[in-house]
Amino acid sequence: MRQRLRTGFLAAMALAGWCVLNPLSSSQIALPSQAPSPQTPAAPGAPEKTEYTLLFTGDVMLSRAVGARMEAMKDWSLPFRLIADTLRGADLRYCNLECPISDRGSNLHHLYSFRADPRALEGLTTAGFNVVSQANNHAYDWGPEALLDSLSRLRAAGIQPVGAGENALAAHYPVLVNVGALRIAFLAYVNVDPREAAAGVDRPGVAWLDPAQALADIRFARPLADLVIVCPHWGVEYAAKPSRDQVDLAHQMIDAGADIIVGSHPHVTQPLEDYHGHWIAYSLGNFVFDQESPATHRGLMLKVTVRDKKIANVQPMDIRINSNYQAALAPADEHSAQHPMAEKEPAALPPSK
Ligand SMILES: [Zn+2]
């Protein structure tokens, strides 16, 4: 009962926010004009574009050895040089940004604390990212000041952050993006510690993945957009498969109205699942990261084709990370022989509790 009351309260807060604060009026939610896009406005009388391509990538971390390499080579777009053309060929690009981008805050000395140099923003704009998730276990490594600074720097660069904010309402609020005639709602969550990073009623932070709240958020977002995309940062690092709890929650998210689930955090790729015609990517693995294990040097990028405002096709593309921490498409002879695209449910899961 308490859970339901809290959910109802937050949903009411969200509705109040929509009506009173209306932070995303229709004139503001269109992708900023400076965001790179191959699209040109349709000529008057020309048929409206009905097909769009969206690209989703995994974890992007621009601190530690990645930051040092960019600094040493005096190239703040280095991680994206080999794949920028591919990315910019799409209509929208998304990644999980696994660090704040800031020169503020104080190191909270988590096991690993990441904070990227503000010059690293250049790489994200070179690659053309439009939406990045800050709902992860490193966005708060340098505390609320660095997180809020990161959010404002991203927005100033024409990139919409999702899954974090100055309070829980802002962090849970769907980010609405117009791509041509297509309207997309993004929601992002994390349930990987530190729990102290969770946004509160009066506290900046990330959107904590409380299942009941996430399902309420999805139902709230559903009528606002053509597509609802949910990006959870979850699971067990280096695990080959998601847990039964993750699978159950992903199914509930689809049942609540999500069109596709794009997960991250394990640093390795996990199976994709077709659940009632909706794709669930439990983990896309890394896209730009500096870990040592070879399994962390490969990831997946999802190419999602949207036709007549519905997801028509999902194509996984193999990614390799080289010794300069650059993401690139895998050579043709290294493509996975078979992606687990047709699995109805990831196999060999423990039974439901
Ligand atoms: Zn993570």
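The values are calculated or read from the model by the stated rules, or taken from the named source; none is laboratory data. The model shown is predicted, which means the values in this text are computed figures rather than measured ones. Positions of Cβ are generated from backbone atoms using ideal geometry, with glycine treated the same way; all protein chains shown enter the neighbour counts.
One table, with the values for the structure above:
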| read-out | value |
| --- | --- |
| Residue in region 110-125 that is under 22 Å from Ser323 (Cβ atoms), surrounded by fewer than 20 Cβ atoms within 10 Å (Cβ to Cβ) and within 16 Å of the ligand (Cβ to nearest atom) present | yes |
| Close pairs (9 angstrom Cβ cut-off, 6 or more residues apart or separate chains): of a type in the set (A, V, I, L, M) in region 113-140, within 11 Å of the ligand (Cβ to nearest atom) and in a loop (DSSP other than H, G, I, E, B) anywhere | Ala116/Met61; Ala116/Cys99; Ala120/Cys99; Ala139/Glu98; Ala139/Cys99; Ala139/Phe114 |
| Residues within region 223-273 that are more than 16 Å from the ligand (Cβ to nearest atom), of a type in the set (D, E, K, R) and out of contact with any strand residue (DSSP E or B) (no Cβ under 8 Å at 6 or more places or on another chain), tallied | 5 |
| Scan of region 229-247 for residues that are surrounded by fewer than 23 Cβ atoms within 10 Å (Cβ to Cβ) and either of a type in the set (Lys, Arg) or closer than 22 Å to Ile311 by Cα (or both), ordered by number | Lys241, Arg244, Val247 |
| Failed item in (1) in contact with a Ser or Thr (Cβ under 7 Å, 6 or more places away or on another chain); (2) surrounded by fewer than 24 Cβ atoms within 10 Å (Cβ to Cβ), with Gln134 passing the rest | (2) |
| Residue, nearest to the ligand (Cβ to nearest atom), within region 280-299, restricted to residues that are under 21 Å from Asp217 (Cβ atoms) and touching a helix residue (DSSP H, G or I) at 6+ places or on another chain (Cβ under 8 Å) | Tyr282 |
| Qualifying positions in region 307-321 - touching a residue at least 40 places away in the same chain (Cβ under 8 Å) and within 18 Å of Cys95 (Cα to Cα) | Val314, Pro316, Ile319 |
| Yes/no for Ser133 being in contact with a Pro (Cβ under 9 Å, 6 or more places away or on another chain), more than 16 Å from the ligand (Cβ to nearest atom), modelled with pLDDT of 95 or more and of a type in the set (Ser, Thr, Tyr) | no |
| Residue check for Gly277: among the small types (Gly, Ala, Ser) and out of contact with any helix residue (DSSP H, G or I) (no Cβ under 7 Å at 6 or more places or on another chain) | yes |
| Within region 154-188, tally of residues that are outside any strand (DSSP E or B) and either buried (at least 21 other Cβ atoms within 10 Å of the Cβ) or of a type in the set (A, V, I, L, M, F, W, C) (or both) | 13 |
